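S.K.: The following block contains the structure, expressed as structure tokens.
Just so you know, all these numbers are worked out from the coordinates, no wet-lab data involved. On a predicted model such as this, the values are computed, not experimentally measured, just so you know. A quick note on method: Cβ atoms are made from the backbone with ideal geometry, for glycine too, and the neighbour counts reach across all protein chains shown.
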Amino acid sequence: MDRLLLILTFCILSNPIFSQEEKPPTKILFVGNSFTFFWNMPQLVSAMAESQGVSINSYQSTVSGSSLEQHWKGEKGSLTRKKIDENNWDYVVLSDHSLRTIDAPEKFREYGKKFIDLVRLKGAEPIFMITWSYKDNPSMQKIISKEYIKLANDFNVKVFPVGPIWDAIRKDNSNIDLYFDNKHPSSVGSYLISLIITKSLTGKSLKDIPKRLFKTDEKGEKFYLSFISSSNSKYLKEFVDKSIE
């Protein structure tokens, strides 16, 4: 990942997306596929934000292996456009299929723009999550990041720099395995994704976010979203805090 691309990415996120004074709860819809829903990532963001005193209600419209084009066309059982139309969202977080920027960049751009226009028409703010390269092909990251940043710059949208930070950590610390398989995030990987999104949203230091996070169901019972070692939690929080200021 070249340094200029990282700088461009972080410049887009030079300020927290909402201030501490904004009235809770903030409603966010995550649109994507298994890269989004693995290890309950949207709910993990809510739990992290809650530990910082920020209230975020996370929802998702995710279908395994889906692209933004399929979400737009309602394929594979997707109800994404219906959910955007019928709810009052503050933010809609979008990510395309992991190979879309490489195999079909014109489709990535076409349907990314369609969703940008739709989300804005409904009074919400679109944000794109830059995805990461496959474990056996780290060279993918340069193309993926380039396409997301170009879209963001051309249409004045923000991004969550997940892929660039993921790539930087791979190079910095080989002892941390962010992968569940060749492409999906491990529980540690989803913890990292959630840290990046939470930091980008709140602008607050991550140092006090716990290594174990949970939510409470309608019966008042706890269910745990993540378990991560103290050393990995500390390293990842410090790395993300330094990367997004």
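S.K.: Specify which of the listed residues (Leu79, Leu99, Leu121, Leu94) is under 18 Å from the mean Cα position of the chain (by Cα) and surrounded by fewer than 22 Cβ atoms within 10 Å (Cβ to Cβ).
M.R.: Matching residue, one of Leu79, Leu99, Leu121, Leu94: Leu99.
S.K.: Only one of these conditions is not met by Arg109: (1) surrounded by fewer than 23 Cβ atoms within 10 Å (Cβ to Cβ); (2) out of contact with any helix residue (DSSP H, G or I) (no Cβ under 7 Å at 6 or more places or on another chain). Which number is it?
M.R.: (2)
S.K.: Taking the condition of a type in the set (Phe, Trp, Tyr), within 20 Å of Ser229 (Cβ to Cβ) and touching a residue at least 24 places away in the same chain (Cβ under 8 Å), does Tyr148 pass?
M.R.: No, not satisfied.
S.K.: Same structure, new question: Right, Ser186: under 22 Å from Asn232 (Cα atoms), within 15 Å of the chain's Cα centre (by Cα) and surrounded by fewer than 20 Cβ atoms within 10 Å (Cβ to Cβ) or not?
M.R.: yes
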